[in-house]
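Remarks on the structure that follows.
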Amino acid sequence: MTLLALWLLPLLLAAACGGGGGAPTASPAASAEVSATPSSTAGQLPEGFPGDFPIYEKATITAARHIDAAQGSIYAIGMETTDSADTVRSFYEARLAEPPWEVTNVVEISEENTVIVEFARRDGGGEAGTVAIQEQQTDGQKTLIAVSLPAPATPTPSPAP
């Protein structure tokens, strides 16, 4: 699974599952309507990203974008670390169980070496998203982390008069 596919997986799972259990299904059209805005670069979080969301400290941010899609806008953050997927999973399950967050579901996709942690904001902020964690053994151990979290829509510029 490529990093791009890993980014789209949380978006599609969140849209398909609605934060609940059950087998996710995704429409191919859902990924066709995604467009990234150049609001951030590798190493930086996008403007407006929630400051209280836990970011794994031993990970490097490899990509960070504010994405507008037909289903809504999200922040999509890609990170990688040499720590094990189990260590990263433990971090996110523990930190997202603390206020103002809560873990709502955990989906294991063993054939892809991937775990999806679904979460929501407890204080009624309306934010719910996913953290996808995938371990790869290609050039040594590497764990990829993909966060998707709702974001405000990017305003469309008004035409000049």
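Summary table below
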read-out	value
Criterion violated by G129 - all others in (1) more than 19 Å from T87 (Cβ to Cβ); (2) of a type in the set (G, A, S); (3) out of contact with any Leu (no Cβ under 9 Å at 6 or more places or on another chain) satisfied	(3)
Residues satisfying the stated conditions in the stretch 87-144, i.e. in contact (Cβ under 8 Å) with a residue 60 or more places away in the chain and within 22 Å of H66 (Cα to Cα)	I116, E118, A120, E127, A128, G129, T130, V131, A132, Q134, L144
Residue within the stretch 91-102 that is in contact with a helix residue (DSSP H, G or I) (Cβ under 7 Å, 6 or more places away or on another chain), modelled with pLDDT of 95 or more, more than 13 Å from G43 (Cα to Cα) and not aromatic (F, W, Y) present	no
Hits in the stretch 42-63 - residues which are crowded, with 17+ Cβ neighbours inside 10 Å and either acidic (D, E) or not in a loop (DSSP other than H, G, I, E, B) (or both)	I61, A63
Residue count, the stretch 68-90 (criterion: surrounded by fewer than 21 Cβ atoms within 10 Å (Cβ to Cβ), hydrophobic (A, V, I, L, M, F, W, C) and under 25 Å from K142 (Cα atoms))	1
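The values are calculated or read from the model by the stated rules, or taken from the named source; none is laboratory data. Everything numeric in this text was worked out from a predicted model, so none of it was measured. Neighbour counts are summed over all protein chains in view; Cβ atoms, including those assigned to glycine, are modelled from backbone coordinates with ideal geometry.
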